[in-house]
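Below is one structure; the comments refer to it alone.
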Amino acid sequence: MPRPSGRTTKLPYDPAVATAALSAADLKLAKLIARAGPFTVRLSTQQSPFEALTESIIYQQLHGKAAAAIHARLIAGFQPMPTLSPIHPTPEQILDVPTAELRAAGLSANKTLALRDLAAKTLDGTVPTLARIRKMSDDVIIDHLTEVRGIGKWTVEMFLIFRLGRPDVFPTSDYGVRKGFALTFQGLKPDTKVTPDLLPKPDVMERRAKKWIPWRSVASWYLWRACDLAAGKQQQPE
């Protein structure tokens, strides 16, 4: 799951209201909520959609530490003076910089192309400004952002949950959400080796999740926590 960068802010909804509603609507989910503890997601206050999606592209299919190092090198490469506070590159800078410099930061050829497409689509308005995107519905945001090379529905769902604080997103393709669902509702044992046939199908998940509306983002976060609990990990704030 993505972790917000820089300063953070509170959510645009009350987590206590959400968890109370979910607990009343679903007794099994209520038990998970009680075990996992408070909902601790916080949002980044400073990232534009371009900046957040740049980070998402870099982090795809990489270990967190490796991705963080590449992200830091990319930003450092655009600093006029090393002593200044880091400034994220603009879309224009991403388009103008030689490909060799982007690759030198550790970006693959595909991610380099994806970042350039993200920059171009930010400039032409396909990727909206933060002010515009806050006024859009979840489905419209998904339609806009999945036009960018390398950005699929899952990436946008993470953006909606962790960057915009949308309360009712249910990423049924996410492995952790699917595993957490199986652990919580389908009797999957924590020590069972998970194979594809043990994970629930989206339609099964969506039927159960109807009772979670309009708080499916919060429910999803608790399904991720179910995986942590099964692995014996302590809860870590997002």
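Return the residues of the stretch 97-117 that are under 11 Å from Ile58 (Cβ atoms) and touching a residue at least 24 places away in the same chain (Cβ under 8 Å); say none if nothing qualifies. Break it down stepwise before answering.
At the first step, the residues of the stretch 97-117 found to be under 11 Å from Ile58 (Cβ atoms) are 102, 105-108, 111-112, 114-115.
Scanning the stretch 97-117 gives Leu102, Ala105, Gly106, Leu107, Lys111, Ala114, Leu115.
Out of curiosity, is Phe39 surrounded by 12 or more Cβ atoms within 10 Å (Cβ to Cβ), within 19 Å of the chain's Cα centre (by Cα) and outside any helix (DSSP H, G or I)?
On the way: surrounded by 12 or more Cβ atoms within 10 Å (Cβ to Cβ): yes; within 19 Å of the chain's Cα centre (by Cα): yes; outside any helix (DSSP H, G or I): yes.
Here the answer is yes, as Phe39 does meet what is asked.
In the set Asp138, Asp203, only one residue is surrounded by fewer than 20 Cβ atoms within 10 Å (Cβ to Cβ), under 26 Å from Val218 (Cα atoms) and touching a helix residue (DSSP H, G or I) at 6+ places or on another chain (Cβ under 9 Å); that residue is Asp138.
Only residues that are within 17 Å of the chain's Cα centre (by Cα), aliphatic (A, V, I, L, M) and under 12 Å from Leu160 (Cβ atoms) were counted in the stretch 112-139, giving 1. In this structure, Arg225 does satisfy being closer than 23 Å to Thr155 by Cβ, part of a helix (DSSP H, G or I) and basic (Lys, Arg). Residues that are outside any helix (DSSP H, G or I), among the basic types (Lys, Arg) and closer than 19 Å to His88 by Cα within the stretch 113-164 comprise just one, Arg163.
Within the stretch 183-221, can you find the residues that are among the hydroxyl-bearing types (Ser, Thr, Tyr) and either touching a His at 6+ places or on another chain (Cβ under 6 Å) or without any contact (Cβ under 8 Å) to a residue 40 or more places away in the chain (or both)? The answer is Thr192, Thr195.
Applying the selection to the stretch 77-96, what residues are touching a residue at least 24 places away in the same chain (Cβ under 8 Å) and over 18 Å from Ser48 (Cβ atoms)? Passing the criteria: only Gly77. With respect to the stated conditions, Leu164 is touching a strand residue (DSSP E or B) at 6+ places or on another chain (Cβ under 8 Å) and within 22 Å of Leu22 (Cβ to Cβ).
FYI, it's all coordinate maths here, none of it is from the lab. Quick caveat, the model's predicted, so the values are computed rather than measured. Backbone-built Cβ (ideal geometry, glycine too); neighbour counts: all protein chains shown.
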